[in-house]
1. Provide a single number: the residues in region 49-64 that are within 20 Å of ILE24 (Cα to Cα) and either of a type in the set (Lys, Arg) or part of a helix (DSSP H, G or I) (or both).
2. Would you mind finding the one in GLN52, GLN117 that is within 15 Å of the chain's Cα centre (by Cα) and free of Cβ contacts under 8 Å to residues at least 60 places away in the same chain?
3. Just checking, how many residues over region 78-91 are farther than 23 Å from LEU19 by Cα and at pLDDT below 95?
4. In region 45-75, which residues are of a type in the set (D, E, K, R) and surrounded by fewer than 17 Cβ atoms within 10 Å (Cβ to Cβ)?
5. From the list VAL118, VAL124, pick out the single residue that is surrounded by 13 or more Cβ atoms within 10 Å (Cβ to Cβ) and modelled with pLDDT of 95 or more.
6. Can GLY78 be described as loosely packed, with under 14 Cβ neighbours inside 10 Å and under 30 Å from VAL123 (Cβ atoms)?
7. In region 104-120, is there at least one residue being under 20 Å from MET1 (Cα atoms), assigned to a strand (DSSP E or B) and touching a strand residue (DSSP E or B) at 6+ places or on another chain (Cβ under 8 Å)?
8. Select from region 65-76 the residues that are at pLDDT 95 or above, out of contact with any Phe, Trp or Tyr (no Cβ under 7 Å at 6 or more places or on another chain) and of a type outside the set (A, V, I, L, M, F, W, C) and list them in ascending order.
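The values are calculated or read from the model by the stated rules, or taken from the named source; none is laboratory data. All of these numbers come straight from a predicted model, not from anything done at the bench. Positions of Cβ are backbone-derived with ideal geometry, glycine not excepted, and every protein chain shown enters the neighbour counts.
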Amino acid sequence: MEIRVDVAGNAIISATVVLRDSAIHLQAFAAPKSEGIWDAVREEIGTGIVQQGGIIDEVEGPLGWELQAQVQVQLPDGSDGFQIVRFVGVDGPRWFLRGVISGKAALHPHAASEVEQVFRDTVVVRGQDPMAPRDPILLRLSEGMEINSPSQEPENGAAAS
């Protein structure tokens, strides 16, 4: 298992868990006290994908309602292609967790159980501070995990002595 994080300053704003040929990208957001936001977010994501030439299918999957999508991407040779992804989400008390599943787990249900379990095992602690709905909730790695910064290479590709 490999965990990749997106960092803004010293804060982790999202994480991608890679398991062999599959991955799940996780982000947590604040939500209103009165209602969940997954239905509205799912509709917005679907509308955006269709407007960009993609295809969506809203289905009830093992994690609840989700979007299975073909999103347009640029291939390494510069031509246009499609990538299959699954958008999953869950509403909690004053928070929302979104996952984007890619790789084999997006294509084959039998390959999805591990990344789906990562989603199920993710713990969201929103805290008591006031937050506007849809503000990102900063992530923390589990105890014992650390972020490894990429090594800095000398300018001009010269070797350090």
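1. Residues flagged as within 20 Å of ILE24 (Cα to Cα) and either of a type in the set (Lys, Arg) or part of a helix (DSSP H, G or I) (or both) within region 49-64 amount to 1.
2. On the way: GLN52 fails: within 15 Å of the chain's Cα centre (by Cα).
Every option except GLN117 fails the conditions.
3. We begin by selecting, within region 78-91, every residue farther than 23 Å from LEU19 by Cα; these are 78-81, 91.
Now narrow it down to the ones that are at pLDDT below 95: 78-81.
Matching residues across region 78-91 total 4.
4. Of region 45-75, the ones of a type in the set (D, E, K, R) are 57-58, 60, 66.
Those that are of a type in the set (D, E, K, R) and surrounded by fewer than 17 Cβ atoms within 10 Å (Cβ to Cβ): ASP57, GLU58, GLU60.
5. Working: VAL124 fails: modelled with pLDDT of 95 or more.
Criteria check complete, one pass: VAL118.
6. Details: loosely packed, with under 14 Cβ neighbours inside 10 Å: yes; under 30 Å from VAL123 (Cβ atoms): no.
No; evaluated as a whole, the condition is false for this residue.
7. Just the residues of region 104-120 that are under 20 Å from MET1 (Cα atoms), to begin with: 104-120.
Narrowing further to those that are assigned to a strand (DSSP E or B): none.
The answer is no; no qualifying residue exists.
8. Answer for region 65-76, where residues must be at pLDDT 95 or above, out of contact with any Phe, Trp or Tyr (no Cβ under 7 Å at 6 or more places or on another chain) and of a type outside the set (A, V, I, L, M, F, W, C): just GLN68.
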